[in-house]
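Colleague: My questions will all concern the structure given below.
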Amino acid sequence: MMMGRLALLLLLAFASLQLFCFADDDNNDDDVVFYESFEESFEGRWIVSNKDDYKGLVGEPVVLGVDIDVVFGAAGLWKHSKSEGHEDYGLLVSEKARKYAIVKVLDEPVSLKDGTTVLQFETRLQSGIECGGAYIKFLRPQEAGWKPEEFDNESPYSIMFGPDKCGTTNKVHFIFKHKNPKNGEYVEHHLKYPPSVPSDKLTHVYTATLKRDKEVKIMIDGEEKKKANFLAAEDFDPPLIPAKTIPDPDDKKPEDWDDKEKIPDPNAVKPDDWDEDAPMEIEDEEAVKPEGWLDDEPEEIDDPEATKPEDWDDEEDGVWEPPKMYNPKCAIAPGCGEWKRPMKSNPAYKGKWSPPLIDNPNYKGVWKAREIPNPNYFELDKPDFEPIAAIGIEIWTMQEGILFDNILIAKNEKVAKSYRETKWKPKFEVEKERQQAEEEASGLDFLASIKRKVFNALYQIADIPFLSNYKPQILDHIRKAEKQPNLTMGVLVSTVAIILTIFLKLIFGGKNQQCPRIETKPVPVVAETSDDQGSDGEKVEKAEKNEAAAAARRRRRET
């Protein structure tokens, strides 16, 4: 009897201990290293860069209404603002075509070398996404004397993570910088085949989990989208572990090395009847001017309804000319203006003669430098990450309305999941319901839903690793369909045709596989989001200059 009671007590004690350990594992506050909800104003806690590219007026917050307070501290305006339709605050990128930089220094650096580290944050693209980045840089310890006010795109980071979409760029970046132990240089390693960015206006949560077994896992809205090994050459570009051997930079190709596989036939002679001067096209002498052709009517005429603006200044703006419009008389005629015979292919055209190619008898193959041991080669059992000392947001974006919220660094995946369930999911569900109600009210719910599913499916297909060589062209076609509704069906058909062609080529083989080109109307492309990962900012800069010139012109008129 006593033995039975003792066994029961031991069993109850063991069960209680298990429950205690489980609860402690789920709710251990020590697992939360850093958390920012932005429920309070960021002013005084986050530092806006005062570097030339970002600095502006600095001072107390300026209240703009009940729900928004503003700090003028950058070329772009950061706002502490509520998310649309919620009582939840976030950090808002409020203006387009601007540079933004803001940083939060941690109380203590966070080590990434041991155990699990979870980096998680929310973004909402309230104005949709055409050209903008919403990524975060997790900065490593800076050089002595560095100040948060000096934060810019050159400030070194350990990890850069988050969405970026502009032009053919559509990916959730995961980039880490790693120090080569042999030469001390930091190398930037990009995740290959990263997932695409959701294309709606809803709040999404991005999670990167770094695990002790050399693995990184990327999740969007709690769903795993990508898993990679830091030490695997096929997962990062360039690979973390350098090649063991490299081409000898001092090895030179011998002067007598002939690497031309084909050469012109030295015995070939140009035929006597070969006319190199014959034009490619000639006038069609048999063509006849269509009956009813309006010789005296121009194709374009001045718009008779256009009037000179009242504020037009001939001295500053030049002589005003009415805009042109298509001549309506030409619409009912076979043509207008001077008629000219059309051109046709010249049957006598042969072009410049060149001798046919034959196999080169002296061909030795493609020359390659001999391989030597790589002086920068090293081996690691796991990455030697630099710690995280600060969190920075530094972007150059053409997109306004980007809202950051609930930034989390944790040492437990369950903690990150709990924050997703309690902080993100309720907002997301409300936004989805509101979106569906708006679509139903507009009568476009079915078509919009189908279109959204098709686009999401195409983006997922573009993320397939073995389509990586063709991804830019696939994304370009998808982007055109999103931006030009009148071309959507044609572009979607073109995209599907491209993907099917690629599948067939990959299945049945073939050399020099190329993505088929299907012509569509050109779409203006804005420069990609500018950052220190090589995005092009020339068109953004041009847009800024044009905007500044227009503003100056308006001011001259007002004075």
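Colleague: Being in the same structural domain as His173 (by the TED database), open to solvent by less than 10 Å² (accessible area, probe 1.4 Å) and part of a loop (DSSP other than H, G, I, E, B) is true for just one of Ser127, Ser155. Which residue is that?
Modeller: Ser155
Colleague: Does Ala389 meet the test of being among the small types (Gly, Ala, Ser), in the same structural domain as Leu91 (by the TED database) and either out of contact with any helix residue (DSSP H, G or I) (no Cβ under 9 Å at 6 or more places or on another chain) or over 30 Å from Gln142 (Cβ atoms) (or both)?
Modeller: So Ala389 fits the description; yes.
Colleague: Can you pull out the residues in the range 233-247 that are open to solvent by 20 Å² or more (accessible area, probe 1.4 Å) and over 20 Å from the mean Cα position of the chain (by Cα)?
Modeller: Selection gives Ala233, Glu234, Pro239, Ile241, Pro242, Ala243, Lys244, Thr245, Ile246, Pro247.
Colleague: Would you mind finding the one in Asn360, Asn406, Asn346, Asn327 that is under 30 Å from Glu255 (Cβ atoms) and surrounded by 12 or more Cβ atoms within 10 Å (Cβ to Cβ)?
Modeller: One residue alone meets the criteria, Asn360.
Colleague: Shifting gears a bit: Are there any pairs, at least 6 apart or on different chains, whose C-beta atoms fall under 7 Å, with the first in the range 258-272 and more than 30 Å from Lys368 (Cα to Cα) and the second in a loop (DSSP other than H, G, I, E, B), and if so, which?
Modeller: Ala268/Pro355; Ala268/Pro356; Lys270/Trp353
Colleague: Further, regarding this structure: For Ile391, all conditions in the list (1) touching a residue at least 60 places away in the same chain (Cβ under 8 Å); (2) over 42 Å from the mean Cα position of the chain (by Cα) hold save one; what is the number of the exception?
Modeller: (2)
Colleague: Going through the range 111-123 one residue at a time, which ones are more than 16 Å from the chain's Cα centre (by Cα) and in a strand (DSSP E or B)? Break it down into steps so the answer makes sense when it comes.
Modeller: We begin by selecting, within the range 111-123, every residue more than 16 Å from the chain's Cα centre (by Cα); these are 111-122.
Correct list: Thr117, Val118, Leu119, Gln120, Phe121, Glu122.
Colleague: For Lys225, indicate whether it is open to solvent by 70 Å² or more (accessible area, probe 1.4 Å), basic (Lys, Arg), in contact with a strand residue (DSSP E or B) (Cβ under 6 Å, 6 or more places away or on another chain) and not in a loop (DSSP other than H, G, I, E, B).
Modeller: Considered against the rule, which asks whether it is open to solvent by 70 Å² or more (accessible area, probe 1.4 Å), basic (Lys, Arg), in contact with a strand residue (DSSP E or B) (Cβ under 6 Å, 6 or more places away or on another chain) and not in a loop (DSSP other than H, G, I, E, B), Lys225 comes out as yes.
Colleague: Taking Asp26 as meeting all but one of (1) surrounded by 13 or more Cβ atoms within 10 Å (Cβ to Cβ); (2) charged (D, E, K, R); (3) modelled with pLDDT of 90 or more, write down the number of the exception.
Modeller: (3)
Colleague: If you don't mind, there's one more thing I want to ask. With respect to Lys201, determine if the residue is touching a residue at least 24 places away in the same chain (Cβ under 8 Å), within 16 Å of Leu125 (Cα to Cα), touching a Leu at 6+ places or on another chain (Cβ under 7 Å) and open to solvent by 30 Å² or more (accessible area, probe 1.4 Å). Full working, then the answer.
Modeller: On the way: touching a residue at least 24 places away in the same chain (Cβ under 8 Å): yes; within 16 Å of Leu125 (Cα to Cα): yes; touching a Leu at 6+ places or on another chain (Cβ under 7 Å): yes; open to solvent by 30 Å² or more (accessible area, probe 1.4 Å): yes.
Criteria met by Lys201.
Colleague: A follow-up question, please. Does any residue of the range 164-184 turn out to be modelled with pLDDT of 90 or more, more than 8 Å from the chain's Cα centre (by Cα) and acidic (Asp, Glu)?
Modeller: Checked the range 164-184: no residue is modelled with pLDDT of 90 or more, more than 8 Å from the chain's Cα centre (by Cα) and acidic (Asp, Glu).
Colleague: Let me ask another. Pairs only if they're at least six apart or on different chains, beta carbon under 9 angstrom, first in the range 123-148 and without any contact (Cβ under 8 Å) to a residue 60 or more places away in the chain, second part of a loop (DSSP other than H, G, I, E, B) and buried (at least 21 other Cβ atoms within 10 Å of the Cβ); list them, first residue then second.
Modeller: Trp146/Ser155
Colleague: Residues in the range 205-222 that are in contact with a helix residue (DSSP H, G or I) (Cβ under 8 Å, 6 or more places away or on another chain) and either crowded, with 17+ Cβ neighbours inside 10 Å or of a type in the set (Phe, Trp, Tyr) (or both): how many?
Modeller: Selection size over the range 205-222: 4.
Colleague: Same structure, new question: Does Lys137 satisfy being among the charged types (D, E, K, R) and open to solvent by 10 Å² or more (accessible area, probe 1.4 Å)? Quick ask: steps written out before the conclusion?
Modeller: On the way: among the charged types (D, E, K, R): yes; open to solvent by 10 Å² or more (accessible area, probe 1.4 Å): no.
When the stated conditions are applied, Lys137 does not pass them.
Colleague: Give me the strands (runs of 3 or more DSSP E) completely within the range 40-110, filtered to those with at least 2 residues that are open to solvent by 30 Å² or more (accessible area, probe 1.4 Å) and either among the basic types (Lys, Arg) or modelled with pLDDT of 90 or more (or both), ordered by residue number.
Modeller: 78-82, 98-110
Colleague: Of all the residues that make up the range 289-324, how many are open to solvent by less than 60 Å² (accessible area, probe 1.4 Å) and within 20 Å of Cys336 (Cβ to Cβ)?
Modeller: 8
The values are calculated or read from the model by the stated rules, or taken from the named source; none is laboratory data. From a predicted model like this one, the values you see are computed outputs, not experimental measurements. Ideal geometry is used to build each Cβ from the backbone, glycine not excepted, and the neighbour counts take in all protein chains shown. The protein model used for the area step is the full one, side chains on, heavy atoms only, and it has no ligands, DNA or RNA in it. Shrake-Rupley method; radii C 1.70, N 1.55, O 1.52, S 1.80 Å.
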